[in-house]
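> Before we start, here is the structure in question, set down as structure tokens.
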Amino acid sequence: MGGILQQIEDWLKEMLVSGIMYNLTNTFDSVNTQVGAIASTVGETPANFLPGVYSLIRNLSENLIMPIAGIILTFIACYELIQLVISHNNLANFETWIFWKWIFKTFVAVTLITNTFNITMAIFDVAQWVVQQSSGIITGTTAIDATTLATMQSTLEAMEEGTVETPSRADALMMYRMMQDIVLWIYQTKEV
């Protein structure tokens, strides 16, 4: 009688180990494939992701936003220059550094406005580089080779049967409530 129970136990153990190994193999292969696919999609530049939208945004930036920003900048620069002249008593106490400061501030503002689109694209390029670098690390660290799977399988096969604990009344009641919730959720999703 003990031999039959041992054979049944061995058969169940073999079936469980093979099922676990099959699921682990498929899970890790699927994760590696999906990480690669996501990294290639997320790592695209805006010009490669949606070229039509990218060209539309670039045209809007160059032909609509840039002239409006230039007009606003011109107004602010002229207003500031007028305030400089007025605040220094119509140039009675004249200092040349205030004009150099105004020229420098205007130069920086014009440079930033004219290169806003390029600065934005540089941010996207840096983000793309970070995604590509991290996807290589993630794919490399989640890759499971045959030796790791063999080690897992030998560890599973070496395990003995565990002890079965009798659930307490509170545990049984909690499991019963969870089962009710699951059945209710399944019933509700089938109606929809």
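> With +1 on the Cβ of every Lys and Arg and -1 on the Cβ of every Asp and Glu, and nothing else charged, how large is the dipole of the range 2-191 about its Cα centre, in debye rounded to the nearest 20? Intermediate results must be reported in sequence, preceding the final value.
On the way: 7 positive and 17 negative charges, 248 e Å.
With Lys and Arg at +1 and Asp and Glu at -1, about 1200 debye.
> Right, here's the next one. From the residues PHE117, MET66, ASN26, which one has its Cα farthest along the dipole of the chain in the positive direction, the dipole being from +1 and -1 charges on Cβ of Lys/Arg and Asp/Glu about the Cα centre?
Looking along the dipole axis, the top candidate is MET66.
> With 10 angstrom as the radius, rank VAL17, VAL42 by how many other C-beta atoms surround their C-beta, starting from the fewest.
Details: VAL17 17, VAL42 14.
Neighbour counts put them in this order, fewest first: VAL42, VAL17.
> Over the chain, with a Gaussian network built from C-alpha contacts below 10 Å, which listed residue (ILE113, ILE68, ILE86) shows the highest mean-square fluctuation?
ILE86
> Considering the chain as a Gaussian network with a 10 Å cut-off on Cα pairs, which listed residue, ASN23, ASN32, ASN89, attains the greatest mean-square fluctuation?
Judging by the Gaussian network model, the answer is ASN89.
> Pick from PHE107, PHE49, PHE117: which residue has the top mean-square fluctuation in a GNM of the chain where Cα pairs under 10 Å get a spring?
The residue with the greatest mean-square fluctuation here is PHE107.
> Let me ask you something else. Helix by helix, which DSSP H runs in the chain go 15 Å or more along their axis at the Cα atoms and have an average Kyte-Doolittle hydropathy of -1.0 or more? Don't skip to the answer; put the middle values down first.
Values: long enough: 2-42 (58 Å, 0.30); 66-87 (31 Å, 1.89); 96-114 (27 Å, 1.19); 116-142 (39 Å, 0.64); 146-158 (18 Å, 0.33); 169-191 (33 Å, -0.11).
Span-like helices, by this rule, are 2-42, 66-87, 96-114, 116-142, 146-158, 169-191.
> Continuing with the same structure: In nm, give the distance between the simple-model label positions of LEU16 and LEU60, each being 7 Å from the Cα along the Cα-to-Cβ direction.
Inter-label distance under the simple model: 5.9 nm.
> Beyond 25 Å, how much of the Cα-Cα pair distribution for the range 1-112 remains, as a whole percent?
Details: 4086 of 6216 pairs.
The calculated P(r) of the range 1-112 puts 66 percent of pairs beyond 25 Å.
> Okay, next question. When averaged across all projection directions, what area in nm² does the alpha-carbon convex hull of the chain cover?
Values: hull surface 100.7 nm².
Its average projected convex-hull area is 25.2 nm².
> Here is a further query. Okay, helix-only estimate at 222 nm for the chain: each DSSP H run of n ≥ 4 adds -39500 (n - 2.57), divide by all residues, round to 500 deg cm²/dmol; what do you get? Walk me through the numbers on the way to the answer.
Working: 8 runs with 159 residues, N = 192.
Value at 222 nm, helices only: -28500 deg cm²/dmol.
Read-outs throughout are calculated quantities, based only on the coordinates presented, and are distinct from any laboratory measurement. Owing to the predicted nature of the structure, the values given are computational and were not obtained by experimental measurement. All Cβ positions, glycine included, derive from the backbone under ideal geometry; neighbour counts span all protein chains shown.
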